[in-house]
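Take a look at the structure set out below.
Values in this text are rule-based calculations from the coordinates and carry no lab data. Just so you know, these numbers come straight off a predicted model, no measurement behind them. Heads up, the Cβs are rebuilt from the backbone with ideal geometry, glycines too, and the neighbour counts pull from every protein chain shown.
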Amino acid sequence: MENILVIVSIIVGMCGIAGFILGIINTIRQTKEQARNAQEQARNNRLMFLADRIFDSSIPRELRLPFYEEYISMKGNGTAVKFWLLEGEREKKAQQPA
């Protein structure tokens, strides 16, 4: 009977140690994931800021150019790029004599 209690105690103790180690591993993994997500969120926030400047037609186009260039350098694409290109085409057409 005494041997069984010792064996059970050892097994329970080993499970506790294993659980503790797994908890530490999980905490480290979560910390790394949060750090990666924070960098990604910062990039997304910057891209949104740049896109807002690109779409702001109250700012002269030549002053918005640095925002567009940074947006492109950050591998931004989609609607902001299409808007910029279409706006450029419209300006060229408007400058051409009829």
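Miscellaneous remarks
- Highest-MSF residue in the chain out of Asn77, Asn37, Asn26 [GNM, Cα springs under 10 Å]: Asn26
- For the pair segment 44-98 / segment 1-31, the C-alpha centres are spaced 58 Å from each other.
- Candidates Ala18, Ala35, Ala51: whichever shows maximal mean-square fluctuation once the chain is modelled as a Gaussian network with Cα springs under 10 Å: Ala18
- Structure-based [θ]222 nm, the chain - -39500 (n - 2.57) summed over DSSP H runs of at least 4, per residue, nearest 500: -30500 deg cm²/dmol
- Ratio Rg/Rh, restricted to the chain and using Cα atoms, in which Rh is the Kirkwood radius: 1.57
- Here the Gaussian network model covers the chain, with springs between Cα atoms less than 10 Å apart; of Gly76, Gly13, Gly23, Gly13 fluctuates the most.
- The chain: angle of helix 2-55 to the longest principal axis, Cα-based, in degrees nearest 10: 10
- Shown here for segment 29-98: trypsin sites (Lys or Arg not before Pro) in loop regions (DSSP other than H, G, I, E, B) with at most 16 other Cβ atoms within 10 Å, namely Lys75.
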